[in-house]
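A.B. asks: Structure below; questions to follow.
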Amino acid sequence: MTLKIPEIPDHTFQDTDPEALLNLSRFAETVIKRSIEQLPEVAMVDMTGVLNSQIEILPDEALLEIAGITMEELENTLLANNVDFGSMMIREGYYQYHIKFSTLLRTVEDVENIYLRKNDRIYQLKDLAKVSLIPMKETGFSLSQRKQAVTLAIIKQADENMDKMKVALKKVTDHFSSVYPGIEFHITRNQTELLDYTISNLKQNLALGLFFIFIIAILFWGDVKSPLIIGISMFVSILISFLFFYLFHMSLNIITLSGLILASSMMIDSSIIVTENIAQYRQKGYNLEDACVKGTTEIITPMLSSTFTTIAVFVPLVFMSGIAGAIFYDQAFAITVGLIVTYFTGIMLLPVLYKLIYSIPDIKNPCLPSGLIIRSKNIHWTGFMIRVSNLFSTINKLLSALFLFLFPYVSYYLILFLSAGCRKLNKVN
């Protein structure tokens, strides 16, 4: 928060009137801070750059001498009128009342209206001294737009969404900007930008993961139809998962999206199993419709048990307490919803897609050479897999030899390091 001051042409620091800054600080603390803390999304508001005030009392020594009042009596009178007696509780039946007794000096008027008795005469402090409100000595200040400012750090509730708090906060600042045109609000640090960037990055990773799954499936199947079926079923599963997020009031944050990315790697397994089982029945001579029915019916129970065993691993995470429980609860929810939705789409939607897509006859383009049409039955993986196995065996042998060669040296220096312990460095002047 800054005051609207006419800008100086040169880019220098613009000094603010101490009295105006004191009024701004008092207004920020009594009005703005309390209004923001009343928002359900806000936990607290931490203020810096506030110019605090103090009550200055300048006694008139001539009047004190005439009245016969010493400085010590004046100080004792101030102390006697600035007392907090504490509180007490009164119980009446089912009701309890907390009563607090205090006589604190808060304003200039409170100090001026203090009565003092001396020699059977009653004086008021304002008759004996000049009382005024002045700013305290500054130990530091906050700058914004080359002007002194009051900085408010808005801290949200643990279970609230940062975007909702941003919208609610903007309504409050816009309201006060319109009501008090002499005050300007500037956002100097916004954590939602980093959060939005992280969530956008996770969404991009999710899209790239689905794309690479589709490409790898094409390479291994040698066919576009089966990967297309799996891709459509996974896309529908993710959309339905988002619907469950909305119904159960789960926000799309870093934890839920990371859980959904983890679940997407498990989603592909169920889709591949259903697709491969249907393809095996087609190779046995069944027609397309019978293969879809028998291939899906055969694996309903095994897929259900596999899904539940995977979900059972994440169930204990739901009952964790504290911050860890809140984090793992969102992740466990995302994985559980993703796997359950994938199971039902795998046994209900995927066979229908398989029948619809494989009912379409293959389109042969005469412009393309026949060598570019890849079929899985014409790919011989045996020799390739043997060469890959031999390569990994050679690498394993080299790593084992390197480990045996370095093990004595690593052990020696590790024992030397542990036996040396920690020594304190000498004090440097």
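The values are calculated or read from the model by the stated rules, or taken from the named source; none is laboratory data. Keep in mind that what you see is a predicted model, and the values were worked out from it rather than measured. Quick reminder, even Gly has a Cβ in these numbers, built from the backbone with ideal geometry, and neighbours come from all protein chains shown. Note: accessible area is taken over every heavy atom of the protein model, side chains too, but ligands, DNA and RNA are not part of it. Shrake-Rupley method; radii C 1.70, N 1.55, O 1.52, S 1.80 Å.
A.B. asks: Under 30 Å from Ala149 (Cβ atoms), open to solvent by less than 80 Å² (accessible area, probe 1.4 Å) and not hydroxyl-bearing (Ser, Thr, Tyr) - does that describe any residue in the range 55-65? Working first, answer last.
C.D. replies: Keep residues of the range 55-65 that are under 30 Å from Ala149 (Cβ atoms), which gives 55-56.
From what is left, the residues that are open to solvent by less than 80 Å² (accessible area, probe 1.4 Å) are 55-56.
This time we only want the ones that are not hydroxyl-bearing (Ser, Thr, Tyr), so: 55-56.
Checked the range 55-65: at least one residue is under 30 Å from Ala149 (Cβ atoms), open to solvent by less than 80 Å² (accessible area, probe 1.4 Å) and not hydroxyl-bearing (Ser, Thr, Tyr).
For (1) of a type in the set (A, V, I, L, M); (2) open to solvent by 70 Å² or more (accessible area, probe 1.4 Å); (3) under 25 Å from Pro351 (Cα atoms), each residue gets a yes or a no:
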position	(1), (2), (3)
Phe244	no, yes, yes
Asn253	no, no, no
Leu257	yes, no, no
Leu260	yes, no, yes
Ile273	yes, yes, yes
Ile278	yes, no, yes
Gln283	no, yes, yes
Ala291	yes, no, yes
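A.B. asks: Is at least one residue of the range 90-103 open to solvent by 60 Å² or more (accessible area, probe 1.4 Å), of a type in the set (A, V, I, L, M), over 25 Å from Arg26 (Cα atoms) and not in a strand (DSSP E or B)?
C.D. replies: Checked against the condition, which is being open to solvent by 60 Å² or more (accessible area, probe 1.4 Å), of a type in the set (A, V, I, L, M), over 25 Å from Arg26 (Cα atoms) and not in a strand (DSSP E or B), the range 90-103 yields no hits at all.
A.B. asks: Confirm whether Ser271 is closer than 14 Å to Val337 by Cα and in a helix (DSSP H, G or I).
C.D. replies: Working: closer than 14 Å to Val337 by Cα: no; in a helix (DSSP H, G or I): yes.
Judged against the criteria, Ser271 is not a match.
A.B. asks: Condition first: open to solvent by 80 Å² or more (accessible area, probe 1.4 Å), assigned to a loop (DSSP other than H, G, I, E, B) and touching a residue at least 40 places away in the same chain (Cβ under 8 Å). Can you find one or more residues in the range 26-43 that meet it? Give the derivation first.
C.D. replies: As a first pass, look at the range 26-43 and keep what is open to solvent by 80 Å² or more (accessible area, probe 1.4 Å): 26, 29, 34, 38, 40.
So of that shortlist, the ones also assigned to a loop (DSSP other than H, G, I, E, B) come out as 38, 40.
Narrowing the set further to residues that are touching a residue at least 40 places away in the same chain (Cβ under 8 Å) leaves 40.
Checking the range 26-43: at least one residue is open to solvent by 80 Å² or more (accessible area, probe 1.4 Å), assigned to a loop (DSSP other than H, G, I, E, B) and touching a residue at least 40 places away in the same chain (Cβ under 8 Å).
For (1) on the phi > 0 side of the Ramachandran plot; (2) among the hydrophobic types (A, V, I, L, M, F, W, C); (3) out of contact with any strand residue (DSSP E or B) (no Cβ under 9 Å at 6 or more places or on another chain), each residue gets a yes or a no:
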residue: Asp120; (1), (2), (3): yes, no, yes
residue: Ile134; (1), (2), (3): no, yes, no
residue: Ser142; (1), (2), (3): no, no, no
residue: Lys156; (1), (2), (3): no, no, no
residue: Met162; (1), (2), (3): no, yes, no
residue: Ala168; (1), (2), (3): no, yes, no
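A.B. asks: May I ask you to verify whether Lys203 is in a helix (DSSP H, G or I), over 18 Å from Val45 (Cβ atoms) and basic (Lys, Arg)?
C.D. replies: Values: in a helix (DSSP H, G or I): yes; over 18 Å from Val45 (Cβ atoms): yes; basic (Lys, Arg): yes.
Yes.
A.B. asks: Give the range 253-269 a look and list any residue that's more than 16 Å from Phe214 (Cβ to Cβ) and either of a type in the set (Ser, Thr, Tyr) or touching a Pro at 6+ places or on another chain (Cβ under 9 Å) (or both), or say none.
C.D. replies: Thr256, Ser258
A.B. asks: Let me ask something additional. Collect the residues in the range 69-127 that are modelled with pLDDT of 85 or more, of a type in the set (Phe, Trp, Tyr) and within 53 Å of the chain's Cα centre (by Cα), keeping them in residue-number order.
C.D. replies: The answer is Tyr95, Tyr97.
A.B. asks: How do the pairs read when you match residues in the range 128-152 that are within 22 Å of Ile55 (Cβ to Cβ) and open to solvent by 50 Å² or more (accessible area, probe 1.4 Å) with residues anywhere that are acidic (Asp, Glu) and in a loop (DSSP other than H, G, I, E, B), using Cβ under 9 Å and keeping only pairs 6 or more apart or on different chains?
C.D. replies: Between residues of the range 128-152 that are within 22 Å of Ile55 (Cβ to Cβ) and open to solvent by 50 Å² or more (accessible area, probe 1.4 Å) and residues that are acidic (Asp, Glu) and in a loop (DSSP other than H, G, I, E, B), the close pairs are Lys130/Asp60.
A.B. asks: Please specify each residue of the range 153-182 satisfying the condition of being assigned to a loop (DSSP other than H, G, I, E, B) and either basic (Lys, Arg) or over 14 Å from Asn253 (Cβ atoms) (or both). Give the derivation first.
C.D. replies: Step one: of the range 153-182, the residues assigned to a loop (DSSP other than H, G, I, E, B) are 157-161, 180-182.
Correct list: Gln157, Tyr180, Pro181, Gly182.
A.B. asks: Further, regarding this structure: Which is within 30 Å of Ile327 (Cα to Cα) and open to solvent by 50 Å² or more (accessible area, probe 1.4 Å), of Leu169, Leu208?
C.D. replies: On the way: Leu169 fails: open to solvent by 50 Å² or more (accessible area, probe 1.4 Å).
Exactly one of Leu169, Leu208 is within 30 Å of Ile327 (Cα to Cα) and open to solvent by 50 Å² or more (accessible area, probe 1.4 Å), namely Leu208.
A.B. asks: Looking at (1) under 30 Å from Val111 (Cα atoms); (2) in contact with a helix residue (DSSP H, G or I) (Cβ under 6 Å, 6 or more places away or on another chain); (3) not β-branched (Val, Ile, Thr), find the lone condition where Phe185 falls short.
C.D. replies: (1)
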